[in-house]
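The values are calculated or read from the model by the stated rules, or taken from the named source; none is laboratory data. Only a predicted model underlies this, so the values are computations on that prediction, with no experimental measurement involved. FYI the Cβ positions are ideal-geometry reconstructions off the backbone, even for glycines, and counts take in every protein chain you see. We work out accessible area using only protein heavy atoms, side chains counted, and drop any ligands, DNA or RNA first. Shrake-Rupley method; radii C 1.70, N 1.55, O 1.52, S 1.80 Å.
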Amino acid sequence: MTEYNGKSVYGGIAIGRIHILAKSEQRIVRYKIEDSEAEIQRFETARKEAQNQLAGLYDKAITEVGEASAAIFEIHQMMLDDDDYLNSIKNIIEEQGVNAEYAVGVTADNFAEIFASMDDAYMKERAADVKDISERIVKVLTNADSAQLTSEEPVIILADDLAPSETVQLDKNLVLSFVTVHGSTNSHTAILARTMNIPALIGVNIELSPELEGKLAVVDGFNGKIYLEPDSETLSQMEQRRDDELEKQRLLQELKGRENVTKDGQSVLVYANIGNVKDLAYVLKNDAGGIGLFRSEFIYLESSTYPTEEEQFQIYKKAAETMAGKRVIIRTLDIGADKQAGYFDLDKEENPAMGLRAIRICLTRPEIFKTQLRALYRASNYGRLAIMYPMITSLEEVQKIKAISAEVRAELDENGIPYNKIEEGIMIETPAAVMMSDLLAKEVDFFSIGTNDLSQYTMAIDRQNPKLDEFFNPHHEAVLRMIEMVCQNAHRENIWVGICGELGADLELTERFLRMGIDELSVSPSCVLPLRNKIRSLDLGK
């Protein structure tokens, strides 16, 4: 038995034979051409064919993995219309008098290098996307075939890396697991693996030798391991774990449509945290009661300039309409600290976690804030929207927010633009907000406790620093007492209180949170049903 380690993309146990999915080497030859105009036309024909292929992949992905995961193929189609990308290719053809394949290859390398050098994790992933679309064009130009799954029985796919298009083209009924040498946990292929509920590992330092083809293997997606030719004891243990996990998943699916109520009758709202409208499919799939945290900053992070009011309105409107009357809580812009957008031109700070971020940016740049608020109020006419403001530390901040919000409503009234009454709440994620929560509760409709930052600021531990992991205690009594204090102060003023940080999904704390009187727990979509199961198992009367 040989054991290899990697990073887990999706948990689960897979047992089966290895199938190596080897890509055909795309060797691009540079040669001179006589007619640059004809070569550019040849490239344009290939580009349009690539877009047609991507449209087909989008339709296939919609059916198999849902709209959220299929969106990558829309993004790839848009990238094939990007002026900078196209101008680079055409310029190389014209200026150097060379073939389209070479121009596409050089442009792909240049753009991928630029993306890979960026600090932002999202932008780094665009390096893989530009490589993928470029390889597709080159394959069309050279009439090359894509890697194909030739097995007739379900197998564990072993590959150097997988592009999203390659992943979707596989017959998922024949795929037990993905294991790749390269890739990242933020890649679109990783997202697809999670959507397809397929155990997957990346970053496995394994040589793709032809001798591995057909060998028995076990993928442990929970612990990030793959066992080649497992011994009988390991195989037996893994078979038991696989069977246990399948039974657990079956039981969880039976919880859909059930109430989040304890045995003694105490109910709690279970909502979902999402980053953008692409995640709405996961919210519905996992039967969340609403959205407790829509991280609107990703609209800004995924844009190269300030998103317009209309662009934001369409996104918030879609969320409101899709959730069909269920509460959708949208957190206003939370740029800063570990989330940077270059066009904001924020100064480099020695301690960005305590610097100009979140509501501080909104209050110092009210024109940006008002644009978002107008979009939110307009979208409220299409569903049940609520707004919450992050990083609050004082009563004065809330009063300034309310004044700006009133100005926005007055502008909408003046222009005859309809909107609904919106709940407005604040995030409790600083010790200052905790200690002021009795006064803050008089000013707002609800509290949502962001336990990630609250823990960081309370324990004076940078949550981005892995060297401090041994000092970080997620169950620190100081943090739990603060949560209880906030809960008590909220209920004295008859407002509801929720938790939208990581602790909300910590099943070891669920009972304690319910005993405190927490009204709502907002977690990642995949945690909704396990949390419901935990809630329904509790008897707080004992």
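Per-structure values
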| read-out | value |
| --- | --- |
| Among (1) in contact with a strand residue (DSSP E or B) (Cβ under 6 Å, 6 or more places away or on another chain); (2) free of Cβ contacts under 8 Å to residues at least 24 places away in the same chain, the one test that ILE299 misses | (1) |
| Neighbours by Cβ (under 9 Å, 6+ apart or cross-chain): first from segment 221-239, closer than 9 Å to GLU3 by Cβ and in contact (Cβ under 8 Å) with a residue 60 or more places away in the chain; second open to solvent by 50 Å² or more (accessible area, probe 1.4 Å) and of a type in the set (Phe, Trp, Tyr) | LYS225/TYR4; ILE226/TYR4; TYR227/TYR4; LEU228/TYR4 |
| Test: residue in segment 397-415 that is part of a loop (DSSP other than H, G, I, E, B) and open to solvent by 60 Å² or more (accessible area, probe 1.4 Å) | yes |
| Residues satisfying the stated conditions in segment 259-311, i.e. open to solvent by 10 Å² or more (accessible area, probe 1.4 Å), at negative phi and acidic (Asp, Glu) | GLU259, ASP264, ASP279, GLU302, GLU309, GLU310, GLU311 |
| Residue count, segment 421-434 (criterion: surrounded by 15 or more Cβ atoms within 10 Å (Cβ to Cβ), in a loop (DSSP other than H, G, I, E, B) and not acidic (Asp, Glu)) | 2 |
| From the options LEU201, LEU149, LEU158, LEU176, residue that is part of a strand (DSSP E or B) and either at pLDDT below 75 or open to solvent by 20 Å² or more (accessible area, probe 1.4 Å) (or both) | LEU176 |
| Elements of type helices (runs of 4 or more DSSP H) in segment 253-327, at least 1 residues being at pLDDT below 90 | 280-285, 297-301 |
| Meets criteria (assigned to a helix (DSSP H, G or I) and crowded, with 21+ Cβ neighbours inside 10 Å) for SER380 | yes |
| Residues satisfying the stated conditions in segment 1-60, i.e. more than 23 Å from SER184 (Cα to Cα), basic (Lys, Arg) and under 26 Å from the mean Cα position of the chain (by Cα) | LYS60 |
| Hey, GLU247 in contact (Cβ under 8 Å) with a residue 60 or more places away in the chain and not polar (S, T, N, Q) or not | no |
| Residues (modelled with pLDDT of 95 or more and assigned to a helix (DSSP H, G or I)) located in segment 502-531 | THR510, GLU511, ARG512, PHE513, LEU514, ARG515, MET516 |
